[in-house]
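Undergrad: One structure, as structure tokens, below. Some questions next.
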Amino acid sequence: MVFQIVNTLILFFFLKKLLFKPVTEFMEKREQEIAGEYNEAAKLQQEAEDKKTEYINRIAKSDEEGKKIIRDATAKAENRASEIVKQAEKDASELKVKAQHDIEREQVK
């Protein structure tokens with residue numbers, strides 16, 4: 001019986017040295033690798049969220065710039081239309097005055 005206990009203890013220490021230690025080291029190494037991969041994934045997730053936010057902001061900014069360009073173009077077109085109407089009214093008025101003078105000259109003859 002003592003011989004079995006001694007053999008069991010020798011086997012236990014032998015297995016601990018040759019099997020338990022390498023398996024424990026392997027498990028710790030694997031745990032560290034998984035933790036590193038998890039951290040990397042979290043970092044990439046945060047970068048993706050940051051880029052998404054940046055792109056949303058860019059789209060919003062582009063949308064605002066487009067609306068501003070349309071407002072500016074509309075204002076310019078309205079100003080130009082107003083100038084054309086004023087010029088047409090002026091030309092019509094001048095033509096009316098000229099016609100009135102022509103009529104008066106014809107009546108004098």
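Throughout, read-outs are computed from the coordinates displayed, never taken from laboratory work. Please read these numbers as outputs of a predicted model, since none were measured by experiment. A quick note on method: Cβ atoms are made from the backbone with ideal geometry, for glycine too, and the neighbour counts reach across all protein chains shown.
Okay, residues lined up against (1) assigned to a helix (DSSP H, G or I); (2) free of Cβ contacts under 8 Å to residues at least 60 places away in the same chain; (3) surrounded by 10 or more Cβ atoms within 10 Å (Cβ to Cβ); (4) charged (D, E, K, R):
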| residue | (1), (2), (3), (4) |
| --- | --- |
| 5 | yes, yes, no, no |
| 33 | yes, yes, yes, yes |
| 40 | yes, yes, yes, yes |
| 76 | yes, yes, yes, yes |
| 87 | yes, yes, yes, no |
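Undergrad: Of the residues 23, 97, 108, which is β-branched (Val, Ile, Thr) and loosely packed, with under 10 Cβ neighbours inside 10 Å?
TA: Result: 108 is the single residue among 23, 97, 108 that is β-branched (Val, Ile, Thr) and loosely packed, with under 10 Cβ neighbours inside 10 Å.
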